[in-house]
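Below: one structure, written as C-alpha cells.
The values are calculated or read from the model by the stated rules, or taken from the named source; none is laboratory data. Only a predicted model underlies this, so the values are computations on that prediction, with no experimental measurement involved. FYI the Cβ positions are ideal-geometry reconstructions off the backbone, even for glycines, and counts take in every protein chain you see. SASA here: full protein model, heavy atoms, side chains in, ligands and nucleic acids out. Shrake-Rupley method; radii C 1.70, N 1.55, O 1.52, S 1.80 Å.
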Amino acid sequence: MAGPLLGRALAAVSLSVALASVTVRSPGCRGIPAFRNSFSSCWFHLNTNVMSGSNGSKENSHNKARTSPYPGSKVERSQVPNEKVGWLVEWQDYNPVEYTAVSVLAGPRWADPQISESNFSPKFNEKDGHVERKSKNGLYEIENGRPRNPAGRTGLVGRGLLGRWGPNHAADPIITRWKKDSSGNKIMHPVSGKHILQFVAIKRKDCGEWAIPGGMVDPGEKISATLKREFGEEALNSLQKTSAEKREIEEKLHKLFSQDHLVIYKGYVDDPRNTDNAWMETEAVNYHDETGEIMDNLTLEAGDDAGKVKWVDINDKLKLYASHFQFIKLVAEKRDAHWSEDSEADCHGL
C-alpha cells in the first residue's frame with residue numbers, strides 16, 4: 001500500500017510547493033524537478049514531478065497551468081517566466097488577466113458565486129458546509145479575499161472554467177489488468193522481462209486527449225463513491241443504461257471497488273484550467289483486477305464526458321492529459337509491471 005510513504009512525500013510537498021523550483025540531478029532520477037528545502041529521495045522527486053504533468057519533458061513544475069489560450073476560449077494568459085512562478089519571488093509588475101467563463105458566472109449548482117457578492121462568505125481552508133475547501137497540500141494563503149494557488153503564478157486570475165474558489169476536488173479511478181494471450185497467460189515484455197499492465201483510458205471530449213476516467217467530487221460525497229460513479233459514467237456509459245443494466249453494472253463494480261487498492265496520489269494537479277485563485281486537486285486510486293474476471297464481464301462503452309474508451313498498454317510512450325502520465329507511471333512501479341525498454345528511465349528503491 002502507498003500509505004506512509006506517500007504521506008511523508010505529500011507533507012514535504014505542502015511545505016515546499018510555494019517555493020521557487022530548482023532542478024537537481026541525482027542518480028536514477030535525471031532532470032526531475034525538486035523544490036528548495038525538500039527531501040532528495042527519488043520518490044519525492046517523482047511526486048513533485050507529478051504536479052507538473054509534463055511527461056518529464058520540462059524541468060519546472062506548474063507548466064500546463066501557464067499555457068495559452070485558456071481552454072475553451074481565446075484568452076491569453078500573462079506570461080510567467082519559470083523564475084517568477086513562486087509567490088516568494090517579488091514581482092511588482094505582475095499583471096495577470098482576469099477571466100471567469102460565462103458558464104461559471106451563470107451560477108450553476110456546482111459553482112460558487114463571485115467573491116464580491118454580499119451573501120457569499122466562503123470558509124477557506126475549512127470544511128464549508130458540504131463543500132470541502134481544505135487543500136490536500138495543506139494551508140493556502142488568502143489575499144484580498146481570494147485564495148492563492150499554492151503552486152505559484154499562472155498569469156490568470158478569477159476561476160476560468162473551475163466552479164470553486166480555491167481547490168476543486170476530483171477523483172481518478174485507475175482500473176488495471178494484466179495483458180494476456182489467447183490462452184489466458186500473462187504477456188511478458190521481451191526487453192524488460194516484466195509483465196505488461198493495461199488500464200482503462202478515455203478520450204476526453206473537451207480536448208481530445210487520452211486520460212484516466214474521472215471527475216469532480218460532489219459536495220458531501222465520499223471519494224470512494226466518486227471513483228465508482230465516474231468510472232461507471234465515463235467508461236461504461238451507465239447513465240444511458242436501463243434499470244436492470246445499471247443494477248448489473250453496480251454489482252460488478254461493487255466487487256471491483258471493494259478489493260484492496262493503491263492510493264497513487266493525493267494533491268495539487270498541474271491542469272490547464274488552473275488559475276491564480278482556483279486549481280485542481282485529485283485523489284488517484286488504482287483498482288487492480290488480478291484475474292481479469294470482473295472486467296472481462298463488463299463491456300467498455302464511452303459515456304458522459306468521454307468520446308472513446310479502451311484498454312491501453314502501460315509504457316513510457318503514452319501521451320496523456322494533465323498529470324495522468326505520472327499517475328500511470330506510479331501504478332506500473334507499484335505493480336512491478338513493464339514501463340520502459342530503457343532501464344535507466346526507471347527510479348529504483350521506491
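Quick one: would you say LEU156 is surrounded by 20 or more Cβ atoms within 10 Å (Cβ to Cβ) and either in contact with a Pro (Cβ under 9 Å, 6 or more places away or on another chain) or modelled with pLDDT of 95 or more (or both)? Taking the combined requirement at face value, the residue satisfies it.
The set of residues in segment 231-246 being more than 25 Å from THR67 (Cβ to Cβ), open to solvent by less than 70 Å² (accessible area, probe 1.4 Å) and in contact (Cβ under 8 Å) with a residue 60 or more places away in the chain consists of GLU233, ALA235, LEU236, ASN237, SER238.
For SER182, the conditions (1) out of contact with any Gly (no Cβ under 8 Å at 6 or more places or on another chain); (2) open to solvent by 40 Å² or more (accessible area, probe 1.4 Å); (3) in a loop (DSSP other than H, G, I, E, B); (4) in contact (Cβ under 8 Å) with a residue 12 or more places away in the chain are fulfilled apart from (4). So which residues in segment 167-191 are farther than 19 Å from ALA211 by Cα and in contact with a Ser or Thr (Cβ under 7 Å, 6 or more places away or on another chain)? The one that is farther than 19 Å from ALA211 by Cα and in contact with a Ser or Thr (Cβ under 7 Å, 6 or more places away or on another chain): PRO167. Residue pairs whose Cβ atoms lie under 9 Å apart, sitting 6 or more positions apart in sequence or on different chains, and linking a residue in segment 80-98 that is under 21 Å from PRO69 (Cα atoms) and open to solvent by 40 Å² or more (accessible area, probe 1.4 Å) to a partner that is assigned to a strand (DSSP E or B) and of a type in the set (Lys, Arg), do not occur here.
Counting only strands (runs of 3 or more DSSP E) that sit wholly inside segment 247-337, those with at least 1 residues that are open to solvent by 10 Å² or more (accessible area, probe 1.4 Å), on the phi < 0 side of the Ramachandran plot and free of Cβ contacts under 8 Å to residues at least 40 places away in the same chain are 261-268. Restricting segment 189-225 to residues that are assigned to a strand (DSSP E or B) and open to solvent by 30 Å² or more (accessible area, probe 1.4 Å), the residue that is nearest to THR299 (Cα to Cα) is LYS203.
So, ALA151, is that one in a loop (DSSP other than H, G, I, E, B), under 24 Å from LYS222 (Cβ atoms), open to solvent by less than 20 Å² (accessible area, probe 1.4 Å) and of a type in the set (A, V, I, L, M) or not? Answer is no for this residue.
Scanning segment 163-178 for residues that are touching a helix residue (DSSP H, G or I) at 6+ places or on another chain (Cβ under 7 Å) and not β-branched (Val, Ile, Thr) returns GLY163, ALA171, ASP172, PRO173, ARG177. Inside segment 65-110, residues that are within 21 Å of GLU143 (Cβ to Cβ), part of a loop (DSSP other than H, G, I, E, B) and hydrophobic (A, V, I, L, M, F, W, C) make up a count of 6.
What number goes with the only condition from (1) assigned to a loop (DSSP other than H, G, I, E, B); (2) at positive phi that GLY158 does not pass? Tallying (1) assigned to a loop (DSSP other than H, G, I, E, B); (2) at positive phi, GLY158 fails exactly one: (1).
Consider segment 102-123 and keep the residues that are of a type outside the set (Val, Ile, Thr) and open to solvent by less than 40 Å² (accessible area, probe 1.4 Å). The one that is farthest from ASN144 (Cα to Cα) is PRO108. Of the residues making up segment 160-179, those that are of a type in the set (Gly, Ala, Ser) and surrounded by fewer than 24 Cβ atoms within 10 Å (Cβ to Cβ) are GLY163, ALA170.
For (1) over 19 Å from MET280 (Cβ atoms); (2) within 24 Å of the chain's Cα centre (by Cα), each residue gets a yes or a no:
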{"residue": "TYR70", "(1), (2)": "no, yes"}
{"residue": "GLU76", "(1), (2)": "yes, yes"}
{"residue": "ASN82", "(1), (2)": "yes, yes"}
{"residue": "VAL89", "(1), (2)": "yes, no"}
{"residue": "SER103", "(1), (2)": "no, yes"}
{"residue": "ALA111", "(1), (2)": "no, yes"}
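Of everything in segment 303-350, what is farther than 21 Å from SER192 by Cβ, among the hydrophobic types (A, V, I, L, M, F, W, C) and modelled with pLDDT under 90? Give them in sequence order. The answer is ALA306, ALA322.
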